[in-house]
Amino acid sequence: MIAHRVAELVLAIEIAIYWGTVLVKSYRLSRKIGRYPNVIPREKTGRRLRLLWAPTVLVWCALPWITAFWPAHQRPMVIECLGEGRVIGDIAAFAGAGFGLLALWATFICWRKMGRSWRIGIDPNEKTQLIITGPYRMVRHPIYALSILLMICSVAVVPSPLMILVAVIHISMLQLEARREEHYLISLHGADYQTYMRSVGRFIPWRPNQ
């Protein structure tokens, strides 16, 4: 039980660092470019998606803290963690927390590579530099791929019905957003991006046109 709580706390800190960094980066980049990097998207579809996505992220951030400090025998079924207190459950939790650290570290590399071109939404009237080097040589959306990995790690650490629902929504949103961004980048960069798409996978290296 104690081992599982440690893994939950580690995951909670990882997620807090991840989304805390997103907020800090948004503020710092806004100072450089003179506007926020599409925290609230400038197109209607993006804003509508945020109405579901934003509360999902808030629940994702809160759940590991809740399960870490809420006595297991008093939790409602929606946040009850399956396998907690069993050896296999503890192993899965520690593996999830460990791979979560790797996902967080790799995400920082991707953020650094994006530089001033980093955005968290689409502005149809904005033109940013096309980044296809570093991690982007292997995956078109490495930040999204790593966010999916961190979400899977979260389910391994906190395998509750609510976390599974959060994972389904978040991963679905990332799949949709990746496709929307690709349509936008084709309109922005034309043949250059289409050539890039044919040679680089969306989320998995060397699997073009996923």
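Derivation of every value follows stated rules applied to the coordinates shown; laboratory data play no part. Keep in mind the model is a prediction, meaning the values are calculated, not measured. Every residue, glycine among them, receives a Cβ derived from its backbone with ideal geometry; neighbour counts consider all protein chains shown.
Of the numbered conditions (1) within 16 Å of the chain's Cα centre (by Cα); (2) free of Cβ contacts under 8 Å to residues at least 12 places away in the same chain, residue 147 satisfies every one except a single condition; which is it?
(2)
Does the range 1-32 hold any residues that are of a type in the set (Val, Ile, Thr) and either exposed (fewer than 14 other Cβ atoms within 10 Å of the Cβ) or in contact with an Asp or Glu (Cβ under 8 Å, 6 or more places away or on another chain) (or both), and which are they? Please lay out each step first, then the result.
Restricting attention to the range 1-32, the residues satisfying the condition of being of a type in the set (Val, Ile, Thr) are 2, 6, 10, 13, 15, 17, 21-22, 24.
Result: 2, 24.
Out of 173, 197, I need the residue that is in contact with a helix residue (DSSP H, G or I) (Cβ under 6 Å, 6 or more places away or on another chain), in contact (Cβ under 8 Å) with a residue 12 or more places away in the chain and of a type outside the set (D, E, K, R). Which one? Even if it seems obvious, please write down each step before you answer.
On the way: 197 fails: in contact with a helix residue (DSSP H, G or I) (Cβ under 6 Å, 6 or more places away or on another chain).
Testing whether each residue is in contact with a helix residue (DSSP H, G or I) (Cβ under 6 Å, 6 or more places away or on another chain), in contact (Cβ under 8 Å) with a residue 12 or more places away in the chain and of a type outside the set (D, E, K, R) leaves just 173.
Determine whether the range 26-38 contains at least one residue that is in contact with a helix residue (DSSP H, G or I) (Cβ under 8 Å, 6 or more places away or on another chain), in contact (Cβ under 8 Å) with a residue 40 or more places away in the chain and part of a loop (DSSP other than H, G, I, E, B). First the steps, then the outcome.
The initial filter retains those residues of the range 26-38 that are in contact with a helix residue (DSSP H, G or I) (Cβ under 8 Å, 6 or more places away or on another chain), namely 29, 32-33, 36-38.
Then keep just the ones that are in contact (Cβ under 8 Å) with a residue 40 or more places away in the chain; that gives 29, 32-33, 37-38.
Remaining after also requiring part of a loop (DSSP other than H, G, I, E, B): 37-38.
Yes, the range 26-38 contains at least one residue that is in contact with a helix residue (DSSP H, G or I) (Cβ under 8 Å, 6 or more places away or on another chain), in contact (Cβ under 8 Å) with a residue 40 or more places away in the chain and part of a loop (DSSP other than H, G, I, E, B).
Every residue in the range 128-146 that is surrounded by fewer than 18 Cβ atoms within 10 Å (Cβ to Cβ) and out of contact with any Pro (no Cβ under 7 Å at 6 or more places or on another chain), please.
Taking the range 128-146 and keeping what is surrounded by fewer than 18 Cβ atoms within 10 Å (Cβ to Cβ), we get 128-134, 137-138.
Of everything in the range 128-146, those that are surrounded by fewer than 18 Cβ atoms within 10 Å (Cβ to Cβ) and out of contact with any Pro (no Cβ under 7 Å at 6 or more places or on another chain) turn out to be 128, 129, 130, 131, 132, 133, 134, 137.
Between 86, 116, 112, which is out of contact with any strand residue (DSSP E or B) (no Cβ under 6 Å at 6 or more places or on another chain), basic (Lys, Arg) and farther than 21 Å from residue 181 by Cα? Steps first, answer last, please.
Numbers: 116 fails: farther than 21 Å from residue 181 by Cα; 112 fails: farther than 21 Å from residue 181 by Cα.
None of the other options fit; the residue is 86.
When the range 104-116 is examined, which residues are found to be surrounded by fewer than 15 Cβ atoms within 10 Å (Cβ to Cβ) and without any contact (Cβ under 8 Å) to a residue 24 or more places away in the chain?
105, 112, 115
Write out, first by first residue and then by second, each pair whose Cβ atoms fall under 9 Å of each other, whose residues are 6+ apart or on separate chains, and whose first residue, in the range 132-144, is in contact (Cβ under 8 Å) with a residue 12 or more places away in the chain while the second is of a type in the set (Val, Ile, Thr) and not in a loop (DSSP other than H, G, I, E, B).
134/109; 135/109; 135/143; 142/107; 142/109; 143/107
Residue by residue through the range 109-162, note down the ones that are of a type in the set (Gly, Ala, Ser) and either in contact with a Leu (Cβ under 6 Å, 6 or more places away or on another chain) or not in a loop (DSSP other than H, G, I, E, B) (or both).
First, pick out the residues of the range 109-162 that are of a type in the set (Gly, Ala, Ser): 115, 117, 121, 134, 145, 147, 154, 156, 160.
Within the range 109-162, 115, 117, 134, 145, 147, 154, 156 meet the criteria.
Mind checking which residues of the range 40-76 are surrounded by 17 or more Cβ atoms within 10 Å (Cβ to Cβ) and part of a loop (DSSP other than H, G, I, E, B)?
Once the filter is applied, which keeps residues that are surrounded by 17 or more Cβ atoms within 10 Å (Cβ to Cβ) and part of a loop (DSSP other than H, G, I, E, B), the range 40-76 yields only 41.
Applying the selection to the range 83-92, what residues are out of contact with any Asp or Glu (no Cβ under 9 Å at 6 or more places or on another chain) and either surrounded by 18 or more Cβ atoms within 10 Å (Cβ to Cβ) or closer than 18 Å to residue 59 by Cβ (or both)? Steps first, please.
Start the filter on the range 83-92 by keeping residues that are out of contact with any Asp or Glu (no Cβ under 9 Å at 6 or more places or on another chain), which leaves 85-89, 91-92.
Residues satisfying the conditions are 89, 92.
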